[in-house]
Amino acid sequence: MSREDFRRDLRGAFESISGPSSPSLSARVHEALVDAPERRGPVWFAGLAVAVIAVILVGVLFAAGPLSHRQLIPVIPGSSPSPSTKPSPTADASLPAFICSSSTLDGQPLNGPSAAPVKFVDAVRIGTHTGYDRITIEFQNGMPISVEMRPQGNTTFAQGASGQQVKLNGTSGLLATIHGADEHTAYPGTTEFKTGYNGLVEARQVEDFEGVVQWGLGLGGSGCYRAFYMLNPIRLVIDVQTS
């Protein structure tokens with residue numbers, strides 16, 4: 001291929017990419033191709049090709065606009081990346097697996113040394129989803145010290161310091177003991193839910209005394225569960241498996 005043919009092909013390729021929206025830029029490149037000194041040889045052609053590619057890339061990036069900024073939401077391992085209280089089905093893949101044995105959640109490392117020793121419960125909600133039923137306990141001023149989850153083979157629970165027995169609906173039970181919490185200062189809602197769900201049949205507060213809050217859960221089905229924290233706002237989530 002002759003040098004003139006190469007110039008013509010390169011000019012045609014650039015004009016087909018740049019389009020009619022930048023006629024002055026196309027003209028300048030055309031002039032550079034036609035009038036450039038012959039003595040520069042192959043080095044001149046390589047440099048010009050690099051410059052043309054750079055101009056095209058800059059134009060594409062400018063037309064596309066600046067890159068969007070991604071916001072990182074702090075999430076405790078096992079929680080949903082969304083601050084929504086009702087995660088979508090696509091968010092369930094990031095949640096922990098269901099278990100059928102005792103477990104403990106430790107919230108103390110995330111509170112910091114200056115955190116208040118007692119966290120105020122300000123909301124309790126229940127809901128049903130595909131594959132699980134949910135109870136959510138929301139805290140007003142941080143995470144409690146720890147939460148102990150203890151499955152049991154019956155639905156009989158002792159009510160606080162009195163020791164009075166209460167029997168919930170269901171075939172098995174799950175006791176959630178929250179250390180470093182208070183449910184009588186900021187929570188005006190009900191302390192008993194009879195749901196009619198298949199997994200979480202009934203939920204009742206059985207203790208709220210000296211920084212300890214307990215919820216007894218009457219369960220149906222397998223009795224397996226998962227417990228984790230979500231943020232914004234801070235809340236303890238307990239899911240009871242239904243299938």
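The values are calculated or read from the model by the stated rules, or taken from the named source; none is laboratory data. Note that the structure is a prediction, hence the values are computed from the model and not measured. Counting neighbours? That spans all protein chains shown, and the Cβs are built from the backbone with ideal geometry, glycine included.
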- Just give me the residues in segment 161-188 being in contact (Cβ under 8 Å) with a residue 60 or more places away in the chain, assigned to a strand (DSSP E or B) and touching an Asp or Glu at 6+ places or on another chain (Cβ under 9 Å), in sequence order. Ala176, Ala181, Asp182
- If we ask which residues in segment 191-204 are touching a residue at least 60 places away in the same chain (Cβ under 8 Å) and in a strand (DSSP E or B), their number turns out to be 3
- Residues located in segment 209-234, provided they are under 20 Å from Thr190 (Cα atoms) and not in a loop (DSSP other than H, G, I, E, B): Phe209, Val212, Val213, Gln214, Trp215, Gly216, Leu217, Gly218, Leu219
- Condition test on Ala158, is it modelled with pLDDT of 95 or more and either surrounded by 19 or more Cβ atoms within 10 Å (Cβ to Cβ) or part of a strand (DSSP E or B) (or both)? yes
